[in-house]
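Asker: There's a structure below that I have some questions on.
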Amino acid sequence: ARRALVLLDGIDEGGKARDAIERHVTEVLAPQGHVMLVTSRPAGVDEERFRDHFERVQLEPLSDEQQGEVIAKRLGQGEHSEFLEYLRNPERVPLDNATKQRVTGNPLMLSMVISIFQSKQGINSAMPATITELYETASRAMLERVDRKERGAAASAAAVPHLISLLEATFFEAHAEEVRDFGDTQLNRAALALFVCRTTAELPAEAKEALRVVRERVAQDRLPLLSLLEAEPLQMRSSHLSFQEYFTVRAICTGKHRLPRDSPPWKWGPFWANVVKMGSENGTEFGNGLLRAAGVEGDELDLSDKLGGNRPTVLAVVCALLGSLRVLDLSDNNLYFNGGAAVAEGLKGNSTLQSLE
């Protein structure tokens, strides 16, 4: 009857199904007159696709006044001067790459920064200086909180050997498949990749223990970073997509994990945009890891007529690779002015690339 308001929250999390979802929304539901509110992070929004039936509304970052209100509610009136001093220092608070404003304009980021500040008991000299460090500190604090609660138990989740590496590898497997919900398939594949085994029967005892702990803790809602969707068969997801993206960056930086052959970085879609943004903070470590993940050996890369996917995301990938390459061929990719300008910006300060076509 067209009397329902249809809310589609986070269409950017659709992964490989995103294009089909967007086509159904814009070519079937919207022309039929259904009233919809569709949300997405900015990366990869196809304005042309939504132009005929939608109005674009963009949420602005929290203002300084709004951030102050949140901080006062969390930390108490008159007890947060030290925290405000930290926020007002432009050299210490990470900036968002897109807006060039403090990342605390993002409500999730502000909440994370406040929690980290509280966990450090107001010692702002040790506060994170980059977005990657923010996620590292926040995820470690969440797991340590579990450790403190379960101290004395036979096996604390945070103290289990290889647990963090297994989580890291599992998030990578899920992101490589471009899915938000995952389970035993990704867990087992992550363990096999981590310990270089062909079957789960070959896994060492400590790997099997880490797998057991993850399954048990998730089922009991006692493992931060993961939320249980279904116990049997096991289905779970990261508590927020940003944590999946952060651990995917960590996994790539190790150089131990491989991407599917049909999903090289230079063909990535917008689902990978935040991974590239966070990964770029790690410099050549991330660039080297990307090359290894794509199966590239050495420091020469031929991308002639090979760029695909979402162009802004792919250009960010190219810029992330520049510091890890000696020779790069970008010919026949129709970069045009914007693409050329992005690559030129990425070349600033580069001392390794000797040949670019």
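Asker: Evaluate the relative contact order of the range 207-321 (contact order divided by residue number), counting alpha-carbon pairs under 8 angstrom at least 6 apart; express in whole percent. Mind dumping the intermediate values first?
Answerer: Details: 129 pairs, mean separation 28.7, N = 115.
Averaging sequence separation for qualifying contacts and normalising by length gives 25 percent for the range 207-321.
Asker: If you don't mind, another one. Over all directions, how big on average is the projection of the convex hull of the alpha-carbon atoms in the range 1-115, in square nanometres?
Answerer: The directionally averaged projection comes out at 9.5 nm².
Asker: Just from the alpha-carbon atoms, what are the Rg and Dmax of the range 1-49 in angstroms?
Answerer: Final numbers for Rg and Dmax: 10.9, 33 Å.
Asker: Report relative contact order for the chain in percent, whole number only (criteria: Cα-Cα under 8 Å, sequence separation at least 6). Let's see the in-between values first.
Answerer: Numbers: 475 pairs, mean separation 43.7, N = 357.
This gives 12 percent for the chain.
Asker: For labels at ARG222 and GLN118 in the simple 7 Å Cα→Cβ model, what's the distance in nm?
Answerer: 2.3
Asker: Further question: How large is log10 I(q)/I(0) at q = 0.08 Å⁻¹ when the Debye formula is applied to the Cα atoms of the chain, each weighted equally and without solvent?
Answerer: Computed log10 I(q)/I(0) values: -0.46.
Asker: Taking the alpha-carbon distance from LYS267 and a cut-off under 26 Å, which lysines remain once sequence neighbours fewer than 8 residues away in the same chain are dropped?
Answerer: LYS16, LYS256, LYS277, LYS306, LYS348
Asker: Give the cross-link partners of LYS120 among the aspartates and glutamates, using a straight C-alpha distance below 17 Å as the criterion and excluding same-chain residues fewer than 8 apart.
Answerer: Result set, ordered by chain and number: GLU79, GLU82, GLU85, GLU133, GLU136, GLU144, ASP147.
Asker: How much accessible area per residue does the chain have, counting only protein heavy atoms and a probe of 1.4 Å, in square angstrom?
Answerer: On the way: 18700 Å² over 357 residues.
Per residue, the chain has an accessible area of 52 Å².
Asker: Hey, what did the range 281-324 get for relative contact order, percent, Cα under 8 Å, at least 6 apart?
Answerer: 70
Asker: Throw me the Rg/Rh for the range 196-343, computed over C-alpha atoms with Kirkwood Rh, two decimals.
Answerer: 1.06
Asker: Place a label point 7 angstrom from the Cα of LYS208 along the Cα-to-Cβ direction, then list the residues of the range 175-202 whose backbone nitrogen is under 11 Å away.
Answerer: Within reach of a label on LYS208: 200-202.
Asker: I've got another one for you. Taking amide H positions as placed 1.01 Å from N in the peptide plane, with prolines and chain starts having none, which residues 5 or more places from LEU226, or on another chain, fall under 5 Å of its amide H?
Answerer: Here SER239 satisfy the definition.
Asker: Any idea how far apart GLU91 and THR130 come out in nm if each label point goes 7 Å out from Cα toward Cβ?
Answerer: Between GLU91 and THR130, the simple spin-label model gives 1.9 nm.
Asker: Probe radius 1.4 Å, ligands and nucleic acids ignored: give me the carbon and sulfur share of the accessible area of the chain as a rounded percent. Display every interim value, and only then the final one.
Answerer: Working: 9170 of 18700 Å².
That share works out to 49 percent.
The values are calculated or read from the model by the stated rules, or taken from the named source; none is laboratory data. Please read all numbers here as calculations on a predicted model, not as lab measurements. Counting neighbours? That spans all protein chains shown, and the Cβs are built from the backbone with ideal geometry, glycine included. These area figures cover heavy atoms from the full protein model, side chains too; ligands, DNA and RNA do not enter into them. Shrake-Rupley method; radii C 1.70, N 1.55, O 1.52, S 1.80 Å.
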